[in-house]
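Scroll down for the structure; my scribbles are underneath it.
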Amino acid sequence: MQYEVHTLRLKPAEDRRLRQGHVWVFSNEVDVERTPLADLQPGQPVIIENSKGKVLGSAYVNPSTLICARLYSRIPGVALNQALITQRLQTALALRERIFDTPYYRWAFAESDGLPGLIVDRYGDVVAIQANTAGMDRVLEEIIEAIRSLIQPRAILLRHATSGRVMEGLEQYVRWVEGSGPERVIVKEHGAVFDVDLFAGQKTGWFYDQRSNRARMRNYVRDQRVLDVFSYVGAWGVQAALAGAKQVVCVDSSQAALDQVLTNARLNNVGQRVSIAAGDAFDMLKTLRLEHEKFDVVIIDPPALIKRKKDLKEGIAAYHHLNQLALHLVADNGILISCSCSYHLPRTELMDVIHTAGRHCERELQILEQWHHGPDHPVHPAIPETEYLKAYIARAWSEAPHPDVCN
């Protein structure tokens with residue numbers, strides 16, 4: 001679909017964020033009297049101008065959303081077409097191929113790779129796409145053709161069942177671009193292999209953002225007893241067993257995910273050292289406490305507990321409770337790996353959460369490492385929203401002979 005390119009003019013002093021490198025325009029920043037948003041269609045290309053008419057770049061719009069425009073080029077009049085998309089994807093691909101030995105990674109990370117609203121994950125010769133904005137959905141065919149021209153994939157999956165598409169007013173569906181493809185793929189990571197369900201799995205099927213951190217985790221688990229909470233299909237737990245953990249217990253609320261943990265453990269010949277426990281993570285941690293269980297390493301990698309800024313207070317309380325329960329299960333001189341993928345939880349706040357949980361349990365803590373997402377999830381220095389994942393590795397001990405004093 002072709003659109004006439006309109007101009008979107010900002011109110012006075014509302015261009016500061018764009019001049020500093022960000023790419024989002026909020027609806028309350030637009031001078032709607034001079035350039036009515038209501039006249040535009042979702043996905044329509046526009047030229048962004050400041051209040052004095054100075055051109056700031058090329059963008060696409062969605063007048064129905066809070067983020068009403070996303071800049072994709074600082075050059076005015078540049079079309080978001082197949083040529084531009086191919087160039088951006090080629091640049092992103094070159095970076096990933098430089099870093100990773102095998103073709104398993106997040107190929108395109110939206111704004112960070114100059115393609116706002118677009119996620120592309122690669123599973124060898126299979127590709128999963130999420131076009132999460134009206135602007136990217138409008139050029140979906142161009143995205144597909146660009147991918148085909150660069151790697152000639154065996155299959156392309158559209159994972160278009162996301163909260164982002166709901167907010168953009170877009171259709172929800174999961175389907176292959178043409179015909180059918182493999183509902184399951186094998187992911188290779190750090191010498192391990194994982195059977196992953198592309199259709200029913202979470203996100204696009206795999207969490208590539210923790211890849212580098214799972215590699216570092218391997219330094220802490222040899223000959224240790226490990227608890228992997230929110231395990232999904234065993235990315236942490238199975239790799240812990242491969243790294244020499246003597247026993248791994250994986251906890252998740254999804255029995256289907258846990259069944260896949262056992263499958264993946266068998267695929268990696270560590271089935272005898274990996275067991276599962278199904279149930280709500282908070283309830284399971286309480287049960288393990290009542291059973292006086294202790295683990296040398298406890299890993300908590302929950303889904304985002306703070307999805308919106310207004311949920312910050314309640315979410316922080318949930319992180320406090322979770323870390324407190326986890327620390328109770330950490331053996332003396334053991335390791336806690338505590339993660340958060342909630343953008344709205346600042347990194348310093350997560351450290352405070354861990355520290356406060358330690359004080360509550362009368363445990364002394366040492367922060368050994370701080371982690372974030374890997375290089376296939378690059379951070380745009382002007383867009384703080386692109387840095388969402390944080391994790392701390394803490395050693396816990398107690399001066400008391402019996403540290404079971406959590407209330």
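The values are calculated or read from the model by the stated rules, or taken from the named source; none is laboratory data. Note that the structure is a prediction, hence the values are computed from the model and not measured. For neighbour counting, all protein chains shown are included, and Cβ atoms are generated from backbone atoms with ideal geometry for every residue, glycine included.
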Conditions (1) in a helix (DSSP H, G or I); (2) within 17 Å of GLY201 (Cβ to Cβ) -> CYS250 fails only (1)
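Restricting the range 241-255 to residues that are over 21 Å from the mean Cα position of the chain (by Cα) and among the aliphatic types (A, V, I, L, M), which is farthest from VAL185 (Cα to Cα)? Spell out how you get there, then give the answer.
Start the filter on the range 241-255 by keeping residues that are over 21 Å from the mean Cα position of the chain (by Cα), which leaves 241-249, 255.
Then keep just the ones that are among the aliphatic types (A, V, I, L, M); that gives 241-243, 245, 248-249.
On the way: ALA241: 22, LEU242: 20, ALA243: 23, ALA245: 26, VAL248: 24, VAL249: 24 Å.
The qualifying residue farthest from VAL185 (Cα to Cα) is ALA245.
Please indicate, with yes or no, whether at least one residue in the range 184-199 is over 30 Å from THR133 (Cβ atoms), assigned to a helix (DSSP H, G or I) and out of contact with any Phe, Trp or Tyr (no Cβ under 6 Å at 6 or more places or on another chain). Walk me through how you get there before you give the answer.
If we filter the range 184-199 for residues that are over 30 Å from THR133 (Cβ atoms), which is where we start, we get 186, 188, 190-193, 195.
Of the ones still in play, those that are also assigned to a helix (DSSP H, G or I) are none.
So far as the range 184-199 goes, no, none of its residues is over 30 Å from THR133 (Cβ atoms), assigned to a helix (DSSP H, G or I) and out of contact with any Phe, Trp or Tyr (no Cβ under 6 Å at 6 or more places or on another chain).
Answer yes if at least one residue in the range 204-219 is within 23 Å of the chain's Cα centre (by Cα), in a helix (DSSP H, G or I), surrounded by 20 or more Cβ atoms within 10 Å (Cβ to Cβ) and among the small types (Gly, Ala, Ser), and no otherwise. Spell out how you get there, then give the answer.
So in the range 204-219, the residues within 23 Å of the chain's Cα centre (by Cα) come out as 204-218.
Adding the requirement that they be in a helix (DSSP H, G or I) leaves 208-218.
Subsequent filtering for residues that are surrounded by 20 or more Cβ atoms within 10 Å (Cβ to Cβ) retains 208, 210-211, 213-214, 217.
Cutting the leftovers down to among the small types (Gly, Ala, Ser) gives us none.
Scanning the range 204-219, I find no residue that is within 23 Å of the chain's Cα centre (by Cα), in a helix (DSSP H, G or I), surrounded by 20 or more Cβ atoms within 10 Å (Cβ to Cβ) and among the small types (Gly, Ala, Ser), so the answer is no.
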Of the residues in the range 294-319 that are surrounded by 23 or more Cβ atoms within 10 Å (Cβ to Cβ) and aliphatic (A, V, I, L, M), the one that is nearest to ASP352 (Cα to Cα) is ILE300
Against the condition among the β-branched types (Val, Ile, Thr), out of contact with any helix residue (DSSP H, G or I) (no Cβ under 8 Å at 6 or more places or on another chain) and under 23 Å from SER58 (Cα atoms), how does ILE85 come out, does it pass? no
Among what's in the range 52-72 and is hydroxyl-bearing (Ser, Thr, Tyr) and in contact with a helix residue (DSSP H, G or I) (Cβ under 7 Å, 6 or more places away or on another chain), pick the residue that is surrounded by the fewest Cβ atoms within 10 Å (Cβ to Cβ). THR65
Just checking, does the range 283-299 include any residue being within 23 Å of LEU242 (Cβ to Cβ), under 26 Å from the mean Cα position of the chain (by Cα) and part of a loop (DSSP other than H, G, I, E, B)? no
Taking the range 220-229 and keeping residues touching a strand residue (DSSP E or B) at 6+ places or on another chain (Cβ under 6 Å) and not in a strand (DSSP E or B) leaves TYR220, VAL221, GLN224
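Of the residues ALA382, ALA357, which is farther than 20 Å from TYR220 by Cα, in a loop (DSSP other than H, G, I, E, B) and touching a helix residue (DSSP H, G or I) at 6+ places or on another chain (Cβ under 9 Å)? Spell out the reasoning first.
Working: ALA357 fails: in a loop (DSSP other than H, G, I, E, B).
Result: ALA382 is the single residue among ALA382, ALA357 that is farther than 20 Å from TYR220 by Cα, in a loop (DSSP other than H, G, I, E, B) and touching a helix residue (DSSP H, G or I) at 6+ places or on another chain (Cβ under 9 Å).
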Whichever residue in the range 77-91 is free of Cβ contacts under 8 Å to residues at least 24 places away in the same chain and not in a loop (DSSP other than H, G, I, E, B) and, among such residues, is farthest from the chain's Cα centre (by Cα): ALA83
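Is it fair to say ARG148 is out of contact with any Asp or Glu (no Cβ under 9 Å at 6 or more places or on another chain), surrounded by fewer than 19 Cβ atoms within 10 Å (Cβ to Cβ), more than 22 Å from GLN44 (Cβ to Cβ) and basic (Lys, Arg)?
Working: out of contact with any Asp or Glu (no Cβ under 9 Å at 6 or more places or on another chain): yes; surrounded by fewer than 19 Cβ atoms within 10 Å (Cβ to Cβ): yes; more than 22 Å from GLN44 (Cβ to Cβ): yes; basic (Lys, Arg): yes.
Against the criterion (out of contact with any Asp or Glu (no Cβ under 9 Å at 6 or more places or on another chain), surrounded by fewer than 19 Cβ atoms within 10 Å (Cβ to Cβ), more than 22 Å from GLN44 (Cβ to Cβ) and basic (Lys, Arg)), ARG148 qualifies.
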List the residue pairs whose Cβ atoms are under 7 Å apart, where the first residue sits in the range 200-218 and is under 16 Å from TYR105 (Cα atoms), the second is among the basic types (Lys, Arg) and surrounded by 23 or more Cβ atoms within 10 Å (Cβ to Cβ), and the two are 6 or more positions apart or on different chains. TYR208/ARG106
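Mind checking whether some residue in the range 320-331 is surrounded by fewer than 15 Cβ atoms within 10 Å (Cβ to Cβ), outside the structural domain of TYR123 (by TED's automatic domain parsing) and not basic (Lys, Arg)? Write out each step before concluding.
First, pick out the residues of the range 320-331 that are surrounded by fewer than 15 Cβ atoms within 10 Å (Cβ to Cβ): none.
No, the range 320-331 contains no residue that is surrounded by fewer than 15 Cβ atoms within 10 Å (Cβ to Cβ), outside the structural domain of TYR123 (by TED's automatic domain parsing) and not basic (Lys, Arg).
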Take the range 332-378 and flag every residue that is over 12 Å from ALA391 (Cα atoms), of a type in the set (D, E, K, R), surrounded by fewer than 23 Cβ atoms within 10 Å (Cβ to Cβ) and without any contact (Cβ under 8 Å) to a residue 60 or more places away in the chain. ASP352, ARG359, GLU362, GLU364
